[in-house]
Amino acid sequence: MKKVWKMSLLLVVAVVLASCDKLGGGSDAGYQINYFAFQEEEGEPWGFMDFEGKVIVKPRFDEMPSCAVGDRFVVSDPDGNYDLYTLEAKPRKIGSYDNVGSFTGKYCPVKDKKGNIKYIDKEGKDAFSMKEVSKKTVTAAFNFFCGRAMVRTEDGKWGYIDESGKPVIPIKYYDAWNFAEGLAIVYHGDDGDPDNKWSVIDTDGNEVFSKKFGECKPSNFRFYGEYLVVLNDAERSIVLNRKGETVKKLKEDVFVGAIYDGMFTTYDSEEEKFGLMNVNGEQVIKSKFEALNYNGKLLVGATAEKKPFVLNKEGEKVTKLPEGYTVLFDPEYAGHANRMLVGSYEDGYVLCDTEGNTIKMGANIHDYSIGYNWGFMDSEDEEDYDDGDYEEEEYDEESEEGEESEEGEE
């Protein structure tokens, strides 16, 4: 099942087990997110804060906004419109649309009030129309990653355009995923058919390697640096390199999270514990934590008492954190190296540094939004998919600890 919206994870101190999002961005992203939306008290308006705790936009929006990508953010109103704003002390509305993506690249996909799909610049001016590609009506448009954006046509086929709107990778795939690290995963057929195959392609559409679904299938649908995690037909995790070669096959009942710098979190379903492993299969941190979260810069673990700790790569506790759930930021967020959110929906959140110190904030944080829209599909198709609208999400931190939200990756 595809997901359109990238969501903020409200639990954190958790490993990423598997994701069905149209992933992109990451450490190779050509954009950075400097601001996130916050709400001081339940039912009150929303504003924006930077990762130093400074309030950039005072609370004024009744509905939860997306975070600000490329200094632009989106708010959906009660009438179902998606309003695009500039990120400044007094935000300026650029336009109102039936649907809208985000400025992860130079242009952003929108569907206007007449139902036309097109890409716009940051001032809302039309860059190019996506009404048709190869004489077929476009029914889905996504953000740009690595200079390529996924589109789908009326026959259900997927392909990629460049920033001029030209289809540089043919619209011919059964399914496809956003580019990351210069590579993308495409499906040639249904993953339920073991004789069908999937491929990894580069930004020119060249096939890097292919695998049959009967052999293995992607687990998290994107490369992290040099590596991709897949599952074989026995549901065992395997780490592949950029050539499609097996780097490591994990033992049964051990599942792999997202990989950063050759290290990945693991979950031992027998022990029900989390650990850290390198791509050579060496267990850097034994599976001993109730939860573990890693973003390439920060490593946070939680004990049975659910008290989080900042750890070093040997698993030693460097410092304690305030009690609550710890939110680490992905590499495209400005605070990913030295900032984290700690707290809960009931008690509120605080910004902390790597020493566990609370950052002085210009406002309280009852709730936050670090999610943004990857793109959109026609409303008819949204009946078959969970669009993960961040304004309607309800999340149970207790029941979901140690698992990834279906709407999230980041």
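The values are calculated or read from the model by the stated rules, or taken from the named source; none is laboratory data. Remember, it's a predicted structure, so these values are computed and weren't measured experimentally. Don't worry about glycine lacking a Cβ; one is built from the backbone with ideal geometry, like all the others, and counts go over all protein chains shown. SASA here: full protein model, heavy atoms, side chains in, ligands and nucleic acids out. Shrake-Rupley method; radii C 1.70, N 1.55, O 1.52, S 1.80 Å.
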(request) For Y82, Y333, Y345, give the ranking by accessible area with the largest first, probe 1.4 Å. (result) Y345, Y82, Y333
(request) Stick to Cα atoms and the Kirkwood definition of Rh, then tell me Rg/Rh for region 105-183. (result) 0.94
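Considering the convex hull of the alpha carbon atoms of region 42-92, report its projected area averaged over all viewing directions, in nm², one decimal. Mind showing how you got there, number by number?
Values: hull surface 15.0 nm².
Mean projected area of the Cα convex hull: 3.7 nm².
Please state, to two decimals, what the Cα-based radius of gyration of region 77-211 comes to when divided by 2.2 N^0.38 Å (N = residues). Don't skip to the end; give the middle numbers.
Working: Rg = 16.2 Å, N = 135, 2.2 N^0.38 = 14.2 Å.
Relative to the 2.2 N^0.38 Å estimate, region 77-211 comes out at 1.14.
Could you tell me the ratio Rg/Rh of the chain? Both radii from Cα atoms, Rh via Kirkwood. Could the numbers behind the result be given before it?
On the way: Rg = 20.7 Å, Rh = 21.6 Å.
Ratio of gyration radius to Kirkwood radius for the chain: 0.96.
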(message) Considering just Cα atoms, how many Å³ per residue does the convex hull of region 20-132 enclose?
(response) 134
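Could you tell me what a quarter of the Cα convex hull surface of region 262-367 works out to, in nm² with one decimal place?
Numbers: hull surface 28.6 nm².
With the hull built on Cα positions only, its mean projection is 7.1 nm².
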(message) How large is the direction-averaged shadow of the alpha-carbon convex hull of region 229-320, in nm²?
(response) 5.8
(request) Add +1 for every Lys or Arg and -1 for every Asp or Glu among the other residues with Cβ under 10 Å from the Cβ of K106, and state the total. (result) -1
(request) Between T246 and F209, with labels modelled 7 Å along Cα→Cβ, what's the label distance in nm to one decimal, could you check? (result) 1.1
(request) Scale the Cα Rg of region 86-137 by the rule-of-thumb value 2.2 N^0.38 Å and send over the ratio, two decimals. (result) 1.22
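Given a 1.4 angstrom probe, what's the average accessible area per residue across the chain, in square angstrom?
For the chain, the per-residue accessible area is 42 Å².
Order these peptides, 167-174, 125-132, by their mean beta-carbon neighbour count within 10 angstrom, highest first.
Working: 167-174: 18.0, 125-132: 13.9.
In decreasing order of mean packing, 167-174, 125-132 become 167-174, 125-132.
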(message) Could you work out what % of the accessible surface of the chain is carbon and sulfur, using a 1.4 angstrom probe and leaving DNA, RNA and ligands out of the count?
(response) 40
(message) Test of understanding: what is the full-extension gain from K58 to K297, defined as 0.36 nm times their sequence separation minus their Cα-Cα distance?
(response) 83.0 nm
(message) Distance between the C-alpha centers of region 136-152 and region 62-118? Whole Å please.
(response) 17
(request) Enumerate the whole-percent occupancy of each 5 Å bin, from 0 to the last occupied one, for all C-alpha pair distances of region 218-261. (result) 5, 26, 37, 23, 8, 1
